[in-house]
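Novice: Sending over a structure as C-alpha cells; questions will come in a sec.
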Amino acid sequence: MTRYTKITTFEPTLGRLENASQLADVQSVIEEFRDVFCVDHMVYHWVNSKCGRLGVGTYSGAWVSRYIQQSYIRIDPVILGCFQRFHPVDWKDLDWSSKAARAFQADALDHGVGRQGLSIPIRGPKGQYALFTISHNASDEAWAGFIEIARRDLILIAHYFNKKILDIEAEGIAAPSPALSPRENETLTFLALGYSRGQVAHTLCISENTLRVYIESARYKLGAANTTHAVSLAVSRGLILL
C-alpha cells in the first residue's frame, strides 16, 4: 500500500468537514480522506441512529445493498465485537470462527471490502454507538506499519466525523428506550439468533399470535420500522446480549 506519513497534511480536508452542512458534503469529504490516507475504503457508520443505520463511506453500492438485504448487522463481527470495546479494533482480533461470520467475511471480500480493517468505536450522547472504519488489501506487515503511523490521526478524524454528523442530524438519536419486558427480550434474542417465528413460538411455548404481540410491543418501544430493525436496535443498544 502507498505509505501514509506524518508529514501528510489533512488540515484542508478537515476544514471542509467542519464547514459541511449536509450529508452529501460529508460524503465528499470522506472520499477525500480515503485518498489522503491511501486506503481502499473509509466509512462512518452510526449504528443506532433513530432513522435506522446512518452513514457515509466508500463501500460499493452493491455491497451496501447486499449488507442490508442479508441483515448482516445481526452477525457482523465488527459491529458486535466493537460494541464491547472502547479502543480501535483491528479486524484480525475479532472472532471470525463461526460459520456465519466466515461466510460474511467471504462475501465482503468478494465485494471488495478488503482483507485488512481497523474500526474505531465511538460513544456519543444518549447511548449513541457509531463506528469509523478503514479497510484495505495489504499484507499484514504493511498494514501494521500503516496503523502504527496513522492510528492517532484516524482517532482524531473519527471524532470529527461524529461531531459533524451529530450537528447535521441533531434529532437523530432516539430518546432512551423503555425497558423491554422479559418476554419481549426473549423474543428479540431468539430472532437475533436466527430463529424463525415458528421456532421462537415453540421454544417459548406460546402461540404465534401471542408472539406477534410481543414483537409489535418491542418494535413500538424501540421506535423500529420493522422486526429486523427492532432486533438490530436492541443488539446495538445492548438491550439483548448474544
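Novice: For residue 179 and residue 28 in one chain, what is 0.36 nm times their gap in residues minus the Cα-Cα distance, to one decimal in nm?
Specialist: The span from residue 179 to residue 28 would gain 50.5 nm if fully extended.
Novice: Of all the Cα-Cα pairs you can form in the chain, what percent are over 29 Å apart?
Specialist: Summing the P(r) of the chain above 29 Å gives 32 percent of all pairs.
Novice: If each residue of separation counts as 0.36 nm, what is the full-extension length gain between residue 21 and residue 195 once their alpha-carbon separation is subtracted?
Specialist: Result for the pair: 58.4 nm of gain on full extension.
Novice: Pop a pseudo-label 7 angstrom from the Cα along the beta-carbon direction at both residue 155 and residue 139 and give the gap in nm to one decimal.
Specialist: About 2.8 nm, to one decimal.
Novice: Now, a different point. Neighbouring Cβ atoms within 10 Å as the yardstick, rank 161, 86 fewest first.
Specialist: Going from least to most buried by this count: 86, 161.
Novice: FRET efficiency for residue 170 and residue 64, Cβ-Cβ distance as r, R0 = 30 Å, nearest 0.05?
Specialist: 0.75
Novice: Moving on. May I ask you to list the aspartates and glutamates whose Cα is less than 16 Å away from that of residue 221, ignoring any residue fewer than eight positions away on the same chain?
Specialist: List returned: 184, 186.
Novice: Just want the ordering: 202, 41, from fewest to most Cβ atoms lying within 10 Å of their own Cβ.
Specialist: Listed from fewest to most nearby Cβ atoms, that is 202, 41.
Novice: How many nm separate the modelled label positions at residue 85 and residue 71, each set 7 Å beyond the Cα in the direction of the Cβ?
Specialist: Going by the 7 Å Cα→Cβ label model, 2.6 nm.
Novice: Now a separate question. If neighbour count is taken as other Cβ atoms inside 10 Å, put 38, 205 in order from fewest to most.
Specialist: Result, fewest neighbours first: 205, 38.
Novice: Assuming 0.36 nm per residue, please report the length gained on full extension of the stretch residue 212 to residue 107 beyond their Cα-Cα distance.
Specialist: 34.6 nm
Novice: Compute the separation of the alpha-carbon centres of segment 92-147 and segment 210-225 and state it in Å as a whole number.
Specialist: 31 Å
Just so you know, all these numbers are worked out from the coordinates, no wet-lab data involved. Keep in mind the model is a prediction, meaning the values are calculated, not measured. Here the Cβ is made from the backbone with ideal geometry for all residues, glycine too, and neighbour counts use every protein chain on show.
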